[in-house]
Amino acid sequence: MLLKRFHVTSFQGVLDSGPIEVDDITCLVGKNEAGKTALLKALYRLNPIRPEDAPFSVTDDYPRSEVNDYEDRVDNGEQHAAVIKVVYELEPEEISAVENVFGPSFLTDKILTLTKYYDNSRKYILSTNEAAAVTFLSRNLTQPILDEVKDITNAHDLATKLEPHAADAAVAPIIAIIRESKDQCFGWYTFNKMLKPYEPHYLYFDEYYQMRGCENMQALQGRVTSKTLLPSDHPMLGLIELARLKLDELISPTRTQELKNKLQGAGNHLTKQILPYWSQNRHLHMSFDVRPALAGDPEAMRQGTNIWGEVYDQRHQVSTGLGTRSRGFVWFFSFVAWYSQVKRTRQNVILLLDEPGLTLHGRAQGDLLRYFERELKENHQIVYSTHSPFMVDPLHFERVRIVQDLSIDRERFTSRKAGHESYDRHSRRN
């Protein structure tokens with residue numbers, strides 16, 4: 001599925017975004033506090049790569065100025081408000097899967113619309129022709145049974161006619177489909193049983209997901225078990241998976257050389273991923289080490305086993321801790337570490353990047369745009385926000401979507417106009 005547009009309503013500071021068209025790469029441009037982050041977070045929660053991030057909360061997310069009135073309306077029977085609505089275009093593989101079951105005339109267009117509400121329910125809209133599906137499914141029935149269903153145009157009535165013949169070899173697979181369909185609707189079966197596996201997941205990434213450069217393995221394992229992961233844990237877990245290790249293997253390795261080899265392999269891989277797009281210094285090399293904790297280590301890392309990330313500068317022949325490098329480098333490295341893990345899963349993932357490269361120099365931001373174009377675009381759609389002119393690709397202005405808070409901008413315009421009139425009156429009085 002390809003995301004074609006999305007629409008956010010009544011979420012945090014966004015009352016109504018209007019439909020936002022999406023390309024292979026889409027750039028949301030706006031000043032601070034314009035609502036760019038809220039747009040990305042609402043879209044993320046439609047189907048996040050971390051399921052625990054999915055729920056909307058009326059208390060936390062509905063616009064505060066109106067939340068009490070909204071809760072009163074819901075208590076009085078009003079339907080929960082929609083938060084995020086998306087429009088997907090079905091791709092040839094998905095269309096073919098549906099047509100193989102229900103025939104070439106069943107889908108009347110290639111569009112799937114999904115809406116998620118504040119009660120966290122989701123509704124789909126899929127334009128179908130049930131009569132065409134009935135005709136296609138009935139094509140192998142024996143003539144006597146075919147005569148019974150020749151005027152049927154929907155799944156419910158078809159089931160009623162076919163149930164007495166459920167033992168028939170040609171009838172059994174049709175009955176099985178209808179029995180699996182909620183409300184005996186072929187559209188429900190199509191979305192829930194056939195198209196849902198193709199639905200994209202969303203990956204949201206901002207500066208809070210940056211790796212710290214060192215981590216205590218026991219503490220990290222505890223957060224994994226209790227499902228209380230910190231944002232900075234995800235790149236580290238991605239790195240560990242990239243090295244084809246498990247946390248318990250880091251804590252209690254059975255063979256030192258195997259552990260060193262795998263960590264070295266992960267460092268080499270990430271170095272190759274980063275250096276072509278890090279023109280500030282092409283003499284860097286990533287390395288990782290796992291050691292028992294010592295009394296002088298950072299607080300919370302003085303017991304158990306620690307993993308350390310380092311960057312070796314071949315030109316200056318010095319290693320520095322990953323966490324001490326520039327914030328821009330740590331952001332880029334952390335994203336690549338997490339993305340490398342996500343890439344291995346081969347999921348259909350749409351990347352939502354909130355102010356990527358915010359702390360990068362203008363030239364490095366250009367490198368990041370090249371990375372988007374050459375490494376990400378082929379496999380993922382990307383929606384990113386920025387207020388930096390260097391993060392707007394001058395070759396692709398068609399990807400830009402302007403985000404602004406109209407309530408504030410109108411207020412400022414009115415204030416400027418009022419101030420100008422007041423100045424004129426004062427001048428005339430003098």
Check: Restricting segment 1-42 to residues that are basic (Lys, Arg) and farther than 11 Å from residue 401 by Cβ, which is surrounded by the fewest Cβ atoms within 10 Å (Cβ to Cβ)?
Finding: 31
Next item on the list: Identify the residue in segment 343-363 that is buried (at least 19 other Cβ atoms within 10 Å of the Cβ) and modelled with pLDDT under 85 and, among all such residues, is nearest to residue 28 (Cα to Cα).
Entry: 357
Item checked: Condition broken by residue 289, with the remaining ones in (1) touching a Cys at 6+ places or on another chain (Cβ under 7 Å); (2) surrounded by fewer than 18 Cβ atoms within 10 Å (Cβ to Cβ) satisfied -> (1)
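Just the residues that are of a type in the set (Lys, Arg) and in contact with a strand residue (DSSP E or B) (Cβ under 9 Å, 6 or more places away or on another chain), please, taken from segment 38-96. Before the answer, list the steps.
Restricting attention to segment 38-96, the residues satisfying the condition of being of a type in the set (Lys, Arg) are 41, 45, 50, 64, 73, 85.
If the condition is that a residue be of a type in the set (Lys, Arg) and in contact with a strand residue (DSSP E or B) (Cβ under 9 Å, 6 or more places away or on another chain), then 41, 45, 50, 85 are the ones that fit.
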Margin query: Test of understanding: among 96, 105, which residue is outside any helix (DSSP H, G or I) and among the small types (Gly, Ala, Ser)?
Written below: 105
Checklist line | Selection from segment 81-93 of residues that are assigned to a helix (DSSP H, G or I) and either over 24 Å from the mean Cα position of the chain (by Cα) or under 25 Å from residue 155 (Cβ atoms) (or both) | finding: 93
Note to self: I need every pair where a residue in segment 285-308 that is over 15 Å from residue 222 (Cα atoms) has its Cβ under 6 Å from the Cβ of a residue that is modelled with pLDDT under 90 and of a type in the set (Ser, Thr, Tyr), sequence separation at least 6 or different chains.
What the structure shows: 285/271; 285/312; 286/271; 287/312
Notebook entry, point to check: For segment 118-183, list the helices (runs of 4 or more DSSP H) that sit wholly inside it and hold at least 3 residues that are out of contact with any helix residue (DSSP H, G or I) (no Cβ under 6 Å at 6 or more places or on another chain) and more than 30 Å from residue 8 (Cβ to Cβ); which are they?
Noted result: 130-137, 143-149, 172-180
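Could you grab me the full set of residues in segment 236-267 that are of a type in the set (Gly, Ala, Ser), without any contact (Cβ under 8 Å) to a residue 60 or more places away in the chain and either crowded, with 19+ Cβ neighbours inside 10 Å or in contact with a Phe, Trp or Tyr (Cβ under 6 Å, 6 or more places away or on another chain) (or both)? Please lay out each step first, then the result.
Applying the first criterion (of a type in the set (Gly, Ala, Ser)) to segment 236-267 yields 238, 243, 252, 265-267.
Right, trim to without any contact (Cβ under 8 Å) to a residue 60 or more places away in the chain and you get 243, 252, 265-267.
Hits for segment 236-267 are 243, 266, 267.
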Notebook entry, point to check: Consider residue 296 against the criteria (1) surrounded by 15 or more Cβ atoms within 10 Å (Cβ to Cβ); (2) out of contact with any Leu (no Cβ under 6 Å at 6 or more places or on another chain); (3) more than 23 Å from residue 241 (Cβ to Cβ): it satisfies all of them except one. Which criterion is unmet?
Noted result: (1)
Check: Which one is farthest from residue 129 (Cα to Cα), of the residues in segment 187-207 that are part of a helix (DSSP H, G or I) and of a type in the set (D, E, K, R)?
Finding: 207
Item checked: Selected residue (criterion: farthest from residue 47 (Cα to Cα)) from residues of segment 99-114 that are within 18 Å of the chain's Cα centre (by Cα) and surrounded by 17 or more Cβ atoms within 10 Å (Cβ to Cβ) -> 112
Notebook entry, point to check: Is there a residue being surrounded by 15 or more Cβ atoms within 10 Å (Cβ to Cβ) and either assigned to a loop (DSSP other than H, G, I, E, B) or among the polar types (S, T, N, Q) (or both) anywhere in segment 72-80?
Noted result: yes
Item checked: Some residue of segment 269-288 being among the hydrophobic types (A, V, I, L, M, F, W, C) and farther than 25 Å from residue 315 by Cβ -> no
Next item on the list: State the number of residues belonging to segment 344-387 that are in contact (Cβ under 8 Å) with a residue 12 or more places away in the chain, in a loop (DSSP other than H, G, I, E, B) and among the charged types (D, E, K, R).
Entry: 3
Next item on the list: Tell me which of these residue 38 doesn't satisfy, since it passes every other one: (1) more than 14 Å from residue 84 (Cβ to Cβ); (2) small (Gly, Ala, Ser); (3) touching a Gly at 6+ places or on another chain (Cβ under 7 Å).
Entry: (1)
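Residues are listed down the side, and each one gets a yes or a no for (1) among the aromatic types (Phe, Trp, Tyr); (2) part of a helix (DSSP H, G or I); (3) farther than 18 Å from residue 341 by Cα; (4) touching a strand residue (DSSP E or B) at 6+ places or on another chain (Cβ under 8 Å):
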| position | (1), (2), (3), (4) |
| --- | --- |
| 248 | no, yes, yes, no |
| 253 | no, no, yes, yes |
| 258 | no, yes, yes, no |
| 265 | no, yes, no, no |
| 270 | no, yes, no, yes |
| 274 | no, yes, no, yes |
| 279 | no, no, yes, no |
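The values are calculated or read from the model by the stated rules, or taken from the named source; none is laboratory data. Predicted model only: the values in this text are computed from it and were never measured. With ideal geometry, Cβ positions are generated from the backbone for all residues, glycine too; neighbour counts draw on all protein chains shown.
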